[in-house]
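What follows is one structure encoded as structure tokens, with my remarks underneath.
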Amino acid sequence: TFAADADRRQAAGHGFVRDLEVWTKVLAPRPETELLQAGLREYQFALLSLVQGQYRQAFMALRLSFELLLGSVYLSGNELELRIWLRGGNDLVWANLIDEQNGVLSKRFIGAFFEDLADKALTYRVMAQALYRECSEYVHGNAPTSARLPEEVVFSPAVFADWHEKAKSVRLVVHFSLCSRYL
């Protein structure tokens, strides 16, 4: 895996781990940091699964990481829902996270915290919806994704590159969300 990574995609992936570690330190006193830390752990599991050739698990962990990271931002702006979630009273629901009117990538949500970025919300919401769907195909074992995966635990340059393309977009959406919420 590492020998075939001439473009240093793994390094970029691990750079995001460091970024999230900084965010968790800065936001440490806030209760939503628990979700941010969980998203960070899942992203690390995704990277580990990727280098081990466990590609379906890498996509599954990437999707969960994405959901938890956006969930942390979403719940930071919805204290009641955050408190209920922290007590185990409800689940993160993807449809709520990306809701056009009230989701973390809605013009209303972004505008409440960083008005100058509100007009960019649609672009990132559309990107997030596509990414989540693409990763979900691996979670649900859809035929097209199953056909792309190697039958054995071996390195696949094509799947490795595909995962990194999706992870790059996840990083972009998460950075946008964190910055629009906290900066």
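Could you list, in sequence order, all residues of region 51-86 that are of a type in the set (S, T, N, Q), over 18 Å from the mean Cα position of the chain (by Cα) and closer than 16 Å to Thr33 by Cβ?
Of everything in region 51-86, just one residue is of a type in the set (S, T, N, Q), over 18 Å from the mean Cα position of the chain (by Cα) and closer than 16 Å to Thr33 by Cβ, namely Asn78.
Is it fair to say Phe176 is in contact with a Phe, Trp or Tyr (Cβ under 6 Å, 6 or more places away or on another chain) and closer than 25 Å to Phe45 by Cα?
Criteria met by Phe176.
Look through region 105-144, keep the residues that are in contact (Cβ under 8 Å) with a residue 60 or more places away in the chain and part of a loop (DSSP other than H, G, I, E, B), and return whichever of them is nearest to Phe160 (Cα to Cα).
Here the residue is Gly141.
Check region 10-22 and report whether any residue there is in a helix (DSSP H, G or I) and either farther than 17 Å from Val174 by Cα or touching a Cys at 6+ places or on another chain (Cβ under 7 Å) (or both).
Yes, that holds for at least one residue.
Within 20 Å of Gln37 (Cα to Cα) and out of contact with any strand residue (DSSP E or B) (no Cβ under 9 Å at 6 or more places or on another chain): which single residue out of Leu131, Leu92 fits that description?
Step by step, each of Leu131, Leu92 is checked, and only Leu92 is within 20 Å of Gln37 (Cα to Cα) and out of contact with any strand residue (DSSP E or B) (no Cβ under 9 Å at 6 or more places or on another chain).
Go through the residues of region 69-76 one by one and say whether even a single one is in a helix (DSSP H, G or I), within 30 Å of Pro157 (Cβ to Cβ), open to solvent by 10 Å² or more (accessible area, probe 1.4 Å) and not polar (S, T, N, Q).
no
Does Ala121 satisfy the condition of being open to solvent by less than 80 Å² (accessible area, probe 1.4 Å) and farther than 22 Å from Leu27 by Cβ?
When the stated conditions are applied, Ala121 does not pass them.
Tell me the residue from Asn102, Asn90 that is over 30 Å from Val159 (Cβ atoms), at pLDDT below 95 and either open to solvent by less than 60 Å² (accessible area, probe 1.4 Å) or not in a helix (DSSP H, G or I) (or both), please.
Step by step, each of Asn102, Asn90 is checked, and only Asn90 is over 30 Å from Val159 (Cβ atoms), at pLDDT below 95 and either open to solvent by less than 60 Å² (accessible area, probe 1.4 Å) or not in a helix (DSSP H, G or I) (or both).
Is there a residue being more than 12 Å from the chain's Cα centre (by Cα) and basic (Lys, Arg) anywhere in region 41-49?
The answer is no, given that none of the residues of region 41-49 is more than 12 Å from the chain's Cα centre (by Cα) and basic (Lys, Arg).
Out of everything in region 27-68 that is surrounded by fewer than 18 Cβ atoms within 10 Å (Cβ to Cβ), touching a residue at least 40 places away in the same chain (Cβ under 8 Å) and not acidic (Asp, Glu), what residue ends up being farthest from Val104 (Cα to Cα)?
Result: Gln52.
Does Gly39 meet the test of being on the phi > 0 side of the Ramachandran plot and in contact with a Ser or Thr (Cβ under 8 Å, 6 or more places away or on another chain)?
Spelling it out, it is not the case that Gly39 is on the phi > 0 side of the Ramachandran plot and in contact with a Ser or Thr (Cβ under 8 Å, 6 or more places away or on another chain).
Taking region 128-153 as the region of interest, how many residues are within 15 Å of Leu70 (Cβ to Cβ) and open to solvent by 50 Å² or more (accessible area, probe 1.4 Å)?
Looking only at that region, the number is 2.
Consider His175 carefully, then state whether it is touching a residue at least 60 places away in the same chain (Cβ under 8 Å), open to solvent by less than 40 Å² (accessible area, probe 1.4 Å) and not polar (S, T, N, Q).
No; evaluated as a whole, the condition is false for this residue.
The values are calculated or read from the model by the stated rules, or taken from the named source; none is laboratory data. The structure presented is a predicted model; accordingly, all values stated were derived computationally and were not measured. As a convention, Cβ positions derive from the backbone with ideal geometry for all residues, glycine included, and neighbour counts pool all protein chains shown. The protein model used for the area step is the full one, side chains on, heavy atoms only, and it has no ligands, DNA or RNA in it. Shrake-Rupley method; radii C 1.70, N 1.55, O 1.52, S 1.80 Å.
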